[in-house]
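Nothing in this text is a laboratory measurement; each read-out follows from the coordinates by a stated rule. Please read all numbers here as calculations on a predicted model, not as lab measurements. Methodologically, a virtual Cβ is constructed for each residue, glycine included, from the backbone with ideal geometry; neighbour enumeration extends over all protein chains shown.
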Amino acid sequence: MFVRRVVVRSCNFRHFHDLRAYKEDPRWPGWQVIVGIETHAQIKSRRKLFSDSLTSHPDDPPNTKVSPFDAAFPGTLPKLNSKCVDLALRTAIALKCSVASRCSFDRKHYFYSDLPSGYQITQQYAPLASNGELEIKLQDIPSFKVRIKQIQLEQDTAKSTFHPRTSTSKIDLNRAGTGLMEIVSEPDLRSPEEAGAYVRTLQSVLRAMGSSDGNMELGSLRCDVNVSVNKKGNPPGTRCEIKNLNSVRFMMAAIIHEIRRQSEFLLANPGQSVPQETRGFDENTFETFRLRSKEDAPDYRYMPDPNLGVLVLSKARVEGIQRDLPALPWETRARLLEKYPKLTSKEKSLDVLLNVDNGREVGYDGEDSGGAIPVLTHELLGQLAARKESFSANPLTSEQFGELIDLVQNGTITGTSGKYILRHMLSNPSSRRPREIATELQLVALSSTPSPTSASSSSPTSELHALCKSAIADLPSEVAALRTGNKNVLNKIVGHVMRKSRGRADAVAVKALVEKIVTGE
Ligand SMILES: Nc1ncnc2c1ncn2[C@@H]1O[C@H](COP(=O)(O)OP(=O)(O)OP(=O)(O)O)[C@@H](O)[C@H]1O
Ligand SMILES: [Mg+2]
Ligand SMILES: [Mg+2]
């Protein structure tokens, strides 16, 4: 027999003054919009939430990352993976939540082919963390705060794919049992743009914490969006929930469609409220459609999972995680701005830098921005656009990109070579270091100042010297003109050296060296 409990999970609208002020939106004059988002983020752990099976990548062959527990074999028992808990705790602390000292797990029952056991383990009654806050500060939108209602741990489902030709579905259990964090916002968002900005900021926090890839295209971040509209001065309307949105663009389109649909319904049916529904989003028509109404909402027969005890989260554990918390995106941003003040006017470069490799700490230590960062970030965006590849799918790690910036910044390679190596790395994704690639492609810059290690005849310094000397020998009339004080010919000689060096020489250094050799001879 199942224990039934009635839970009230509505949001607290009694504190009307708590609600953020509305601003009239010319797209829907007279209407006020409320949005709250439930985000499901896959936890980036090596193993699943309750089994020792490895977690999978969407490219893995089906049913290769499955343990008997994930397939719900009778007699198998869940064992909580503490790494997943630690990553969720990091997220909770980053989102300023209060962490529960004790939390527990419940079974949510429904019957669907992607759920082998017939129930999902989630945290219905006592979630891991609650009452947080996320401040959204993006360039294109005024800053605002969103309260985080709670973060709960739960299992992901398997994946079912329908094949219309044979009218069959195939089930892949690789994803079954992967840890998810459900991050529930309070209804604090007021427009599709704010919803988009919230999800993008949340993504950057998850990535910086290393707790989730937050990749909507690959399905490691999915959103359910709750939307209601009301006439100015009236209480909030009834929400409809649009399930499983897998891109920020679709999410914003779904909200816009819902606002139009709900406001049209209210106009056509005075005195009535919008029927509470769960809806889907059609990616072809950009419209939402009804999945089920409140009346046919499933009864999930929630019950505490008898196989999992209470999870006690000690103060020491939480404090330890807080102490070692990775830098938050805005902290990294502030650090970079302090280190590279020139980037203050180049916010776009900074965004690119922060988001290469899923927003991990940028791994370089150059002393001066010297222009390399804007040049290479601009080049990266340009090359990805030319290749029709998305930024989030770019194969560079932050260490690789940081090292490339360093190499250009400290003159090991020229800016031209930097761009060339960038293109090479995009075409040949690997974990190789840019320095190694530069050496292999013979792109190490020709330096004009001898270093103690460059005494041999093959050193870049002597090579640059040799190139200048051979240009001088090849262009006797230009050299003669230069000797008589005609500086205009200098550019021709420099151009000659630059061509011979295949982009490895620095024009300013060549100019100085040629002049020195010619006038010093
Ligand atoms: N009037 C409203 N308009 C828009 N959003 C709302 C409104 N009231 C509540 N919400 C939002 O709806 C979401 C409710 O999510 P929650 O997980 O608490 O419950 P649920 O959707 O009923 O459960 P489930 O997890 O099974 O989908 C929250 O993000 C909340 O901010
Ligand atoms: Mg929910
Ligand atoms: Mg919901």
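Taking amide H atoms as placed 1.01 Å from N in the peptide plane, list the residues 5 or more away in sequence, or in a different chain, whose amide H sits under 5 Å from that of Q150.
Here N131, V184 satisfy the definition.
Could you tell me the calculated FRET efficiency between E338 and S169, based on Cβ-Cβ distance and R0 = 56 angstrom, to the nearest 0.05?
According to the calculation, E is roughly 0.55.
What's log10 of I(q)/I(0) for the stretch 14-162 at q = 0.13 Å⁻¹, Debye sum over Cα points only, no solvent?
Debye intensities relative to I(0), on a log10 scale: -0.77.
Please enumerate, by chain and number, the lysines with C-alpha under 26 Å from the C-alpha of K65, excluding those fewer than 8 residues away in the same chain.
Within the straight-line limit of under 26 Å, K65 reaches these lysines: K44, K48, K79, K83, K108, K159, K170.
In nm, what is the difference between 0.36 nm times the number of residues separating D25 and Q139 and their Cα-Cα distance? It would help to have the intermediate numbers written out before the result.
Numbers: separation 114, 0.36 × 114 = 41.04 nm, distance 1.95 nm.
Computed gain between D25 and Q139 is 39.1 nm.
Using a/c under 1.5 as the rounded threshold, could you call the chain rounded, prolate or oblate? The axes a ≥ b ≥ c are square roots of the C-alpha gyration tensor eigenvalues, and prolate needs a/b larger than b/c, oblate otherwise. Don't skip to the end; give the middle numbers.
Values: a/c = 2.63, a/b = 2.05, b/c = 1.28.
Prolate.
With contacts defined as alpha carbon pairs under 8 Å and 6 or more residues apart, what's the relative contact order of the stretch 327-440 in percent?
Rounded, it is 26 percent for the stretch 327-440.
Run the simple label-point estimate for K232 and S98 please: 7 Å along Cα→C-beta, distance reported in nm.
It works out to 3.7 nm between the two label points.
Just how many % of Cα pairs in the stretch 452-520 lie over 19 Å apart, if you round to the nearest whole percent?
28 percent
Write down, largest first, the equivalent ellipsoid semi-axes of the stretch 170-268 in whole Å, where each equals the square root of 5 times an eigenvalue of the alpha-carbon gyration tensor. Working shown, then result.
Working: eigenvalues 168, 50, 26 Å².
One finds semi-axes of 29, 16, 11 Å for the stretch 170-268.
Quickly work out the H109-to-Q272 label distance, labels modelled 7 Å from Cα along the C-beta direction, and quote it in nm with one decimal.
It is 3.4 nm.
May I have the pair-distance distribution P(r) for the stretch 115-243, computed from all Cα-Cα distances with 5 Å bins from 0 and rounded to whole percent?
2, 8, 14, 19, 19, 14, 10, 7, 4, 2, 0
List, in order, the whole-Hz ³J(HN,Hα) value for each residue of the stretch 465-471 obtained from phi through the Karplus relation with A = 6.51, B = -1.76, C = 1.60 and θ = phi - 60°; use x for Gly and Pro.
Once rounded to whole Hz, the list reads 4, 5, 5, 5, 5, 5, 5.
Measuring from the lowest to the highest alpha carbon on each principal axis, how far does the stretch 225-355 reach, largest first, in angstroms?
Principal-axis extents of the Cα atoms in the stretch 225-355, largest first: 59, 52, 35 Å.
HN-Hα J couplings of the stretch 81-89 from phi, Karplus 6.51/-1.76/1.60, θ = phi - 60°, integer Hz, Gly and Pro as x?
7, 5, 5, 4, 5, 4, 5, 5, 5
Can you give the FRET efficiency for L325 and T285, using 1/(1 + (r/R0)^6), R0 = 51 Å, r = Cβ-Cβ distance, to the nearest 0.05? Walk me through the intermediate numbers first.
Details: r = 43 Å, r/R0 = 0.85.
Once the sixth-power term is evaluated, E becomes 0.75.
Suppose we look only past 17 Å in the calculated P(r) of the stretch 327-440. What percent of the Cα-Cα pairs does that tail hold?
Here the long-distance tail beyond 17 Å is 49 percent of all Cα pairs in the stretch 327-440.
Mind computing the radius of gyration and Dmax over the alpha-carbon atoms of the stretch 58-144? Å is fine for both.
Both quantities, over Cα of the stretch 58-144: 17.7, 54 Å.
Extent of the stretch 129-172 along each principal axis, from alpha carbon coordinates, in Å, largest to smallest?
51, 30, 12
Lysines within cross-link reach of K294: Cα-Cα under 16 Å, excluding same-chain residues under 8 positions apart?
K243
Using the Karplus curve 6.51 cos²θ - 1.76 cosθ + 1.60 with θ = phi - 60°, what ³J(HN,Hα) values do you get for each residue of the stretch 45-62, in whole Hz, with x for Gly and Pro?
Each residue of the stretch 45-62 in turn: 10, 5, 10, 6, 5, 10, 9, 8, 5, 5, 6, 10, 10, x, 7, 5, x, x Hz.
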